[in-house]
Amino acid sequence: EKATSSVIVFDEVDEMYAPTLRTSAARRLAQLCAKFVAQTATPMRKNESQLRAWLADTCSFPVDSRNLLVAASGMVSIQLELGIQSIEKLETTPMLDIVRKGCRSLIQSRAWLEMAKLVQFHTDPAMVKTAVDLAMNDRASHGPTGGVLLVANDLKHAEKLIQLCSSAARGAFQVGGFDSLEAHNTASYGIIVVTKDKDRGYNSACRLGAMVTGAYAGNAASRHQIRGRLRRLGQKRSSVKFVTVVMEHSILSLLHTRHNAVDTMNISLEQLGQIFSSDVLHGISQQVESTEKTKRPRQDEEVDGKRKKRHKKRKD
C-alpha cells in the first residue's frame, strides 16, 4: 500500500538477479514505488541479460540487447577515495614430502579436488601462525579492538581454524566465527573466522586491521567484495594488510597465480599508469611501433619472393 508513495533502496541488487520469489517481489516493488535506487559494486554477474531486467525498470523505453549501452548510460558510477592503502602480501610455505607423495598418487586419477584439500590441510598451520602473529601486532598497535579476519573455504574448514587459532593464541584473545562480529563482547575476539562466501552485507569487520586467506576456488567479484569488509568507511587505519598463504609449487599456488592474472585483466589505464611510469609505457609503445615497422618490409619481401617463384614456374 505504501509502495506508491515510497522511495526504496535496493542494496547489493546483484543478489536479486536470479529468478526467485525474492527477486520477483523486489522487482514488483521497484515497479510500484515512486522512485527507487539500485546499488551494487558488482553490476555484471554472469551475463548482461540479468542486468538488463533491472535497467528496463529505470528507463522509459523498452530495453533489449541492441540498446543495452544506451540504457546503461544512465547508470551512475561512484568511487570514494578512502585514503586507505591496501598492502598485499603472499606468504609461501614449503611443500612437505607427505604432500608431494600424496599429490603424485592423486595426479594419476586426476583427483584435483582431493589434491587441493590435501595441500590446504597442510597449509593451515602456516595460516594460523600468520593470523595469530598479525592479530597480536594489530592489537598491540591499535588497541584491544584490533584483530584479523581469517577466511576459510567452508564451514568445516572454519571450525578447524577456530580450534587451531584458539590453541595458538594461548588465551591472549578469543577466536570466534561470523556471529562473533555482532556479539556484545566482539572486541575481545582477536581473530574472526568467516567462510569465503561471507563477502558482503556486514560492516563491523572494519575494526580489524588485516585479512588472512588461502587460495580458494571462486570469482574475482567475491575476492574484491570480501576485501571491502575491512577497507571501507569506518576503518581508522591508514593501511590494511591482505595476506594470502599458499604452499609453494602446489595446485593452490597455481590457482593463486591464475586469480592474480584474472584480477589484473580488469585493471584500468589510470591504475596501470600508477604501477608503470609513463616513461615505461611510452617505451613499450615505441617498441611495438618499431616491431610493426620491421615486420611490414619483411612481409612485403616474402610476398614479392612468392610472386617471382610463381612467375618462374609459369615460364617453365
What are the residues in the stretch 251-270 that are at pLDDT 85 or above and either of a type in the set (S, T, Y) or farther than 30 Å from I107 by Cβ (or both), if any?
S253, T257
Restricting to the stretch 17-60, name every residue that is open to solvent by less than 60 Å² (accessible area, probe 1.4 Å), at pLDDT 80 or above and either under 19 Å from G201 (Cα atoms) or out of contact with any helix residue (DSSP H, G or I) (no Cβ under 6 Å at 6 or more places or on another chain) (or both).
T23, A25, A26, R27, A38
Here's a check for you: in the stretch 226-250, which residue that is modelled with pLDDT of 90 or more and among the aliphatic types (A, V, I, L, M) is nearest to E88 (Cα to Cα)?
V243
Collect the residues in the stretch 156-203 that are open to solvent by less than 70 Å² (accessible area, probe 1.4 Å), of a type in the set (S, T, N, Q) and within 13 Å of V128 (Cβ to Cβ), keeping them in residue-number order.
S166
Residues in the stretch 134-159 that are within 24 Å of the chain's Cα centre (by Cα) and either of a type outside the set (G, A, S) or under 20 Å from M95 (Cβ atoms) (or both) total 12
Under 23 Å from E12 (Cβ atoms), among the charged types (D, E, K, R) and touching a residue at least 24 places away in the same chain (Cβ under 8 Å) - does that describe any residue in the stretch 217-228?
yes
Would you be able to tell me the number of residues in the stretch 115-153 that are part of a loop (DSSP other than H, G, I, E, B) and either touching a His at 6+ places or on another chain (Cβ under 6 Å) or open to solvent by less than 20 Å² (accessible area, probe 1.4 Å) (or both)?
2
Please verify whether G177 is closer than 15 Å to L230 by Cα and modelled with pLDDT of 90 or more, treating the condition exactly as stated.
no
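The values are calculated or read from the model by the stated rules, or taken from the named source; none is laboratory data. These figures come from a predicted structure and were not determined experimentally. Using ideal geometry, Cβ is built from the backbone for each residue, glycine included, and neighbour counts are taken over all protein chains shown. Side chains are part of the model used for accessible areas, which takes the heavy atoms of the whole protein and leaves out ligands, DNA and RNA. Shrake-Rupley method; radii C 1.70, N 1.55, O 1.52, S 1.80 Å.
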